[in-house]
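Structure first, commentary second.
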Amino acid sequence: MQITPLGDSALIVRVCEDFEGSPDKALNAVLAAQRRLENAALPGAMDLAPAYTTIALFFDPVHAIQAGAPIENVFDWFAQKIREILNSVYPVADNGQAVKSVPGERSIAIPVCYELELGFDLDEVAAHTKMSVQEVIDLHCSARYRVSCVGFTPGFPFLSGLPDKLATPRRSIPRKEIPAGSVAIGGRQTGIYSTKSPGGWNVIGRTPLRLFDPKKNPPAVLRAGDRVRFRAITREEFERAGK
Amino acid sequence: MKATIARAGFLSTVQDLGRTSLRQFGVSLGGALDAHALRVANLLVGNNESDAALEITFGGLQLRFSDERIVAWGGGEFAVRVGSTHLPAGHSVFIERGEKLEIDRPKTGCRLWLAISGGIDAPLVLGSRSTDLRANFGGFNGRPFRDGDELPLGTNSERAKILISKLRGEKIARWKPPHEWSSPTRPEPVLRVVRGADWDRFNDVTIQRFTNQRFTVSPDSDRMGVRFEAPELQRSRTADLVSEPVAPGTVQVPPSGQPILLLGDCQTIGGYPKIAHMITVDFPAAAQLRAGDCVRFREVSLADAHRLLIERERNLQQFRRGLQAHFS
C-alpha cells in the first residue's frame, strides 16, 4: 500500500495496483478502506474521495498540527496512522478474502430511452461495433455494471462492466453541450451525464432520472460500489417520468 | 437588507469557503479562489470569516446599498470608489444608505473579494453559499450576477454596528492587515510547489524546464484552472493513467505538454500525470493570474509548506485579536 502526498492538504492512498484486471476486487478494497478511514475520524480529516484504485484523504494541516502532528512531518504522521488503521485486524487488499461482502451494497435500475433523437450517436456506435442499433441496445441493457467512481461533473457515474463488444472510442471532437441524463459510451466505460456539460463520449440514450440534485443530501443518486443495470423505456414513459 | 447590482461587470459571483466534504459525489470544493482574502475581508467588516462575500473578476461592477453597511475588499490592483472617495484595499469602510460602490477594471491581477457586513444572505446549498458555475447551483440562483439583480444581505452583527458608529465620521478605518494579505498581486510571481505523485515520470530535462523557465498564462484560464502556453513539458511515458483524485493546486500535464494549475472549481478526479502541487499559501498569487502573465515554479519541501501555512495562520489569529479592540 503506497501513500503519496497530494499537495500540502491531501494525500492519496493507493489501495491496490490494478483496476482493469479485477475491477470488483479493487473497488471492494477501496470502499472497505474508505469505511475504515471514515470510522477512524483522524484529527483534521475533512473529506475522503475514492477513485478506482485509490482513495484521497483531504485534511486541514493547521488542525492536524494543533492535534499533535509534528510540523516537520505532517504527512508521515497521517501516513503512519492510515497504515495502522488499514492494516489492523486484516489487510484491506488480501486477495479479496476479507472484503467479499460489502454491507449495504445497493442495486439500482436506471430507465433509459434509447431513441435516435435522444441517443444521437447510436448509429455511430452500431457502425463501429458492427451491430444493429437494436443489438447495441439489447446488449447495453443485458449487462450488469458497477459504479467505479463518481466525478467529472457532480453525480457523473463511471461504470465498469461494459461488454467488450460495445467499446467505442471517444469522439475526436468533444461536443460543447450534452444534455443532462445522457447515457454514453467512452472507450471501455459507460456513464451518465449527470448535468448539462461538454463531453466526448458517444451518447446512446437518455434517462429521465435526475442523477444530481443539490437540494437533496446526498445530492447524487449513485455512489461508488453501486450495482447498476439499464432498463429500456419508451419515449412515452420517458416523457411521463420527466414531468 | 439588500444591495442592487446596478452593473454586474464581467463575472461576479457569491462565494464563501466552499464545499469541503462532498468529493465522493463529484462536487468541487469551489469557494473563493483566494480563501485567505475572503477570511480577512470578512473579519474587517465584523463577519464570521466563513461568511459569503462577492468574488468579482475583472471589475466593471456597480453596487447600490439600501442601508448602512461596512465593506472591505482585497485582491488585485483595482480602483474601488464611492462617489469621489477612493476605497483602499484592506480597510473597513462605512457605506451610507443609497451610496453606490463602483469597481473599475484592474491594472494588475484579475479578482477581488468584497465583504459586506451581515454577509450575503444566499441560501445554504449542500452546506455552502458558494456559486458552482460548472453545475449551476448555489450562490445567486447558481449563476453570475446580471444587471439589476437584488442581492439579499444578512443583518449587521453587533461588531459591525459598533464599527458603523465609529466610522460614520471618518468613513475609512485607519488600521489594516499586512499589505500582501489585501494586495497579493506580484509581477512574475514564483509559485512554490511540492512534488506530485508523477514527478518521476518526467525526465531530468523536463523537470529542469519546469523549475527554471517562465510559463505564460493562456487566455482560456478560468475558475477551474490556470492554463499555461509554453514551454511544453514532455512526458517520458505517454500512456493514460487510471483516473485519480486531484485537488486545487495540482499541476497536471495533459498530452499537449502544456501544464494546467487546478483552482477551486476543478474536477474531483483526473487522469493526467500530476507533476507537482502548489502550496496553500500561494493561492492568493495564483488567483490573480491573467492571460499574458508569467510565473515560475520553485520546489519546496512539505515541511516548508506547512511552516508557512502555520505562520500565516498564527498571524491571522493575532490580527483577529487585534481587531477586537476596534469592535468594543
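The values are calculated or read from the model by the stated rules, or taken from the named source; none is laboratory data. It should be emphasised that the depicted structure is a prediction, and the values quoted were computed from it without experimental measurement. When we count neighbours, we look across all protein chains shown, and the Cβ atoms used for this are built from the backbone with ideal geometry, even at glycine.
Where in the range A:130-242 are there strands (runs of 3 or more DSSP E), lying fully within it, with 1 or more residues that are of a type in the set (A, V, I, L, M) and closer than 19 Å to B:GLN24 by Cβ? Walk me through it before giving the result.
Working: elements: A:145-150, A:157-160, A:175-178, A:182-186, A:189-192, A:197-199, A:202-206, A:227-232.
Per the criteria, A:145-150, A:157-160, A:189-192, A:227-232.
Please find, within the range B:265-310, the residue that is modelled with the lowest pLDDT out of those that are more than 13 Å from every other protein chain (Cβ to nearest Cβ) and assigned to a loop (DSSP other than H, G, I, E, B). Give the derivation first.
Of all residues in the range B:265-310, those more than 13 Å from every other protein chain (Cβ to nearest Cβ) come to B:272, B:284-285, B:287-298.
With assigned to a loop (DSSP other than H, G, I, E, B) added as a condition, the list becomes B:272, B:287-293.
Values: B:TYR272: 89, B:ALA287: 98, B:GLN288: 98, B:LEU289: 98, B:ARG290: 97, B:ALA291: 97, B:GLY292: 97, B:ASP293: 97.
Across the range B:265-310, the extreme among qualifying residues is B:TYR272.
What pairs can you find where one residue is in the range A:3-16 and within 10 Å of chain B (Cβ to nearest Cβ), the other is in a loop (DSSP other than H, G, I, E, B) and hydroxyl-bearing (Ser, Thr, Tyr), and their Cβ atoms are less than 9 Å apart, with a gap of 6+ or different chains?
Listed pairs, sorted by first residue: A:ARG14/A:THR53.
How about the range B:193-213: which of its residues are away from chain A (no Cβ under 13 Å) and either of a type in the set (Ser, Thr, Tyr) or under 25 Å from A:PHE75 (Cβ atoms) (or both)? Give the steps one after another, and end with the answer.
To start, the set of residues in the range B:193-213 that are away from chain A (no Cβ under 13 Å) comprises B:202-213.
Within the range B:193-213, B:PHE202, B:ASP204, B:THR206, B:ILE207, B:PHE210, B:THR211 qualify.
Identify, from the list B:LEU163, B:LEU151, the residue that is outside any loop (DSSP other than H, G, I, E, B) and within 24 Å of the chain's Cα centre (by Cα). Break it down stepwise before answering.
Numbers: B:LEU163 fails: within 24 Å of the chain's Cα centre (by Cα).
Among B:LEU163, B:LEU151, only B:LEU151 is outside any loop (DSSP other than H, G, I, E, B) and within 24 Å of the chain's Cα centre (by Cα).
Kindly state which strands (runs of 3 or more DSSP E) lie completely within the range B:38-105 and contain at least 3 residues that are within 21 Å of B:THR4 (Cβ to Cβ) and under 14 Å from the mean Cα position of the chain (by Cα). Working first, answer last.
On the way: elements: B:53-57, B:61-65, B:69-75, B:80-82, B:93-95, B:100-103.
Once the strands (runs of 3 or more DSSP E) in the range B:38-105 are filtered for at least 3 residues that are within 21 Å of B:THR4 (Cβ to Cβ) and under 14 Å from the mean Cα position of the chain (by Cα), what remains is B:53-57.
Out of (1) facing chain A (nearest Cβ under 10 Å); (2) in contact with a helix residue (DSSP H, G or I) (Cβ under 7 Å, 6 or more places away or on another chain), the odd one out for B:LEU323 is which?
(1)
If we keep just the residues of the range B:201-253 that are part of a loop (DSSP other than H, G, I, E, B) and acidic (Asp, Glu), which is modelled with the lowest pLDDT? Break it down stepwise before answering.
To start, the set of residues in the range B:201-253 that are part of a loop (DSSP other than H, G, I, E, B) comprises B:202-203, B:213-214, B:218-224, B:229-243, B:246-249, B:253.
Keeping just the survivors that are acidic (Asp, Glu) gives B:220, B:222, B:229, B:232, B:240.
Details: B:ASP220: 93, B:ASP222: 96, B:GLU229: 91, B:GLU232: 82, B:ASP240: 58.
So, considering only residues that are part of a loop (DSSP other than H, G, I, E, B) and acidic (Asp, Glu), the one modelled with the lowest pLDDT is B:ASP240.
Pick from A:GLU72, A:GLU105: which is within 30 Å of B:SER28 (Cα to Cα), of a type in the set (Asp, Glu) and modelled with pLDDT under 95?
On the way: A:GLU72 fails: modelled with pLDDT under 95.
The unique qualifying residue is A:GLU105.
I need the full set of residues from the range B:284-328 which are among the aliphatic types (A, V, I, L, M) and surrounded by fewer than 14 Cβ atoms within 10 Å (Cβ to Cβ), in order please. Steps first, answer last, please.
Of all residues in the range B:284-328, those among the aliphatic types (A, V, I, L, M) come to B:285-287, B:289, B:291, B:295, B:300, B:302-303, B:305, B:308-310, B:316, B:323, B:325.
Correct list: B:ALA325 only.
State which residue pairs qualify: first residue assigned by TED's automatic domain parsing to the domain that holds B:GLN24 and inside the range B:245-265, second residue surrounded by fewer than 24 Cβ atoms within 10 Å (Cβ to Cβ) in any location, beta carbons under 8 Å apart, and separation of 6 or more residues or different chains.
Qualifying pairs under 8 Å: none.
Taking the stated definitions as given, is B:GLY249 on the phi > 0 side of the Ramachandran plot, under 23 Å from the mean Cα position of the chain (by Cα) and within 13 Å of chain A (Cβ to nearest Cβ)? Steps first, answer last, please.
Details: on the phi > 0 side of the Ramachandran plot: yes; under 23 Å from the mean Cα position of the chain (by Cα): yes; within 13 Å of chain A (Cβ to nearest Cβ): yes.
Taking the combined requirement at face value, the residue satisfies it.
Pairs, please: C-beta under 7 Å, at least 6 apart or cross-chain, first residue within 14 Å of another protein chain (Cβ to nearest Cβ) and in the range B:111-130, second among the basic types (Lys, Arg) and crowded, with 24+ Cβ neighbours inside 10 Å?
Close Cβ pairs satisfying both conditions: B:ALA122/B:ARG129; B:LEU126/B:ARG19; B:GLY127/B:ARG19; B:SER128/B:ARG19; B:SER130/B:ARG19.
Which of the following residues is crowded, with 19+ Cβ neighbours inside 10 Å and within 30 Å of A:GLY155 (Cβ to Cβ): B:LEU114, B:LEU101, B:LEU124, B:LEU133? Please lay out each step first, then the result.
On the way: B:LEU114 fails: within 30 Å of A:GLY155 (Cβ to Cβ); B:LEU101 fails: within 30 Å of A:GLY155 (Cβ to Cβ); B:LEU124 fails: crowded, with 19+ Cβ neighbours inside 10 Å.
Matching residue, one of B:LEU114, B:LEU101, B:LEU124, B:LEU133: B:LEU133.
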